[in-house]
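Take a look at the structure set out below.
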Amino acid sequence: MMAAMEAAQVSIFTRMTALAEQTGAVNLGQGFPDFDGPQPVIEAAQEALGAAHNQYAPLPGVPPLRRAIAEHQLRHYGLELDPDSQIQVTFGATEALASAVLALAGPGDEVAFLDPSYDSYPAVVALAGATARPIELHPPDWRLDAATLEAAITPNTRVLLLNTPHNPTGRVLDREELELIAAACQEHDVIALTDEVYEHLVFEGSHIPIATLPGMFERTITVSSLGKTFSVTGWKVGWASGPAELIARLRGVKQFLTFAGGTPLQHAGAEALRLPPAVVEDLVRDLRRKRDRLAEGLTAAGFGVLPSAATYFLNVDGTPLGEPDATALCERLPVEAGVVAIPIAAFAHDPAGPTRPLIRFAFPKGDAVIDEALARIGRWSQSFH
C-alpha cells in the first residue's frame, strides 16, 4: 500500500503544471474551465453568503440541497429518493467516492474499475488497504468487453467503481455495456459505485445511470457534483445517493473526514439544480463547439484525433508525428511548442499498454486560449513535415 501511495503523491498534474509555469506554456492539461459559471449560480452563492448561511451544515448536507438533489434524480432519471436517509452531501465527488470505498472495502477485498481511470481511484483503493482490479478498455472505441469484465471480478471483489461519462476517454457507456456490468454485480454480489460527474456534459448519445437498471438501485451508490455541470469546479459540492443502508455506511466514514462545510455553496447548489434546462444546454453547446474547434486544429497539426462523446477532454494519438511515447511527447511539448497536455498512460494501470501513444487535451477554455494553443502546436508541427 505504501508504494502505491508514494506513487500517487507526485501526480502527473503536479509535474505538468510545474512545466507550464517554468515555460509559460498554454495549459490544456487540467480539466477545469477558465471562465465562470452561469451568472444565476454565482448570484445564488453571493446571496447565500449574505443570508447568514456561514456556519456548520448538518452532516447529511443542508436540507434544501438534499431536496433539490432528490428532485433532480426524479426529474432526470425517475429515481425516487428520501432526502434524509438516501442522500449525503460531500466535499466534491472525490470525497463521496473515497468515503464509499473506505466504508465498503478493506484489506483482502478488491475494487474493480475501468482502466484508464481518474487518478484518485487507485489511490483511494490503496488507502483502504484493498486491491485494485483494472478493467482494461482499448482505444479507439474504448468499449467494455464482457470477457475482460468477467476476468476482473473475483470472489473477493466488493465494489465496482464505474465512471460514465468516462474520464479520460470521453466515452459514454451504452445500455448493453451497463447491462453487462449490472449482471456481473448481481451474480457476484458486488456494490456498484458510480462516478457520474459529467452526467450532463454529453455531446453525443445519452447518459444512463446504472441505478435505473432492474435490480441495481438497491446495490448502487450514485455520485455526482455541481462542479462540472455548472462550471464551478472550485466549489467542491458533491453528493452520493442510493439505498439508506449504503448511504449510512458512507456517512459514517464521511463524518470523520470533513464532517460538513461549504454551507453557503450548498444553499447556492440547491438554486443551481432548479435552474431551467436551457442554462446547462447552453454550456453543453458551447463545450461541443470548443471540442470541435480543438479537434479541427489538432487534426490539421497531424495528430490522430479520437472521438469524444462527453466530458472536458479530447484524446489524440501522437504516433503520426513520429512519437509513439505520449509521456515523452508531453514532456517535450511545453518546451518545444509552449503547450501542456497529459499522457493518457498516467491514468492507466499499465503505462506501456494500449494508452502509451495517447495524449489528453482539455477544451473548457476560452476561444483565445484554444486558438493560441493551436497556433503554437501548428508552428511546432511544421518541423515534422
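A cut-off under 13 angstrom between Cβ atoms defines the neighbours of GLY261, and their net charge, with Lys, Arg +1 and Asp, Glu -1, is +1. With N the number of residues in the chain, Rg(Cα) / (2.2 N^0.38 Å) evaluates to 0.97. Short-range pairs are left out: with C-alpha atoms under 8 Å and at least six residues apart, the relative contact order of the chain is 25 percent. Highest GNM mean-square fluctuation among GLY24, GLY262, GLY238, for the chain modelled with Cα contacts below 10 Å: GLY24. Residues whose amide H falls under 5 Å from that of VAL237, counting only those 5 or more places apart or on a different chain, are GLY92, LEU226, GLY227, with hydrogens built in the peptide plane. In the chain, helices alone account for a calculated mean residue ellipticity at 222 nm of -13000 deg cm²/dmol, with every DSSP H run of four or more residues adding -39,500 (n - 2.57).
GNM on the chain, alpha-carbon springs under 10 angstrom: the most fluctuating residue among ALA352, ALA112, ALA183 is ALA352.
Subtracting the Cα-Cα distance of PHE13 and ASP350 from their residue separation scaled by 0.36 nm leaves 119.5 nm.
A short reminder: the numbers here are calculations on the coordinates, not readings from a lab. Keep in mind the model is a prediction, meaning the values are calculated, not measured. All Cβ positions, glycine included, derive from the backbone under ideal geometry; neighbour counts span all protein chains shown.
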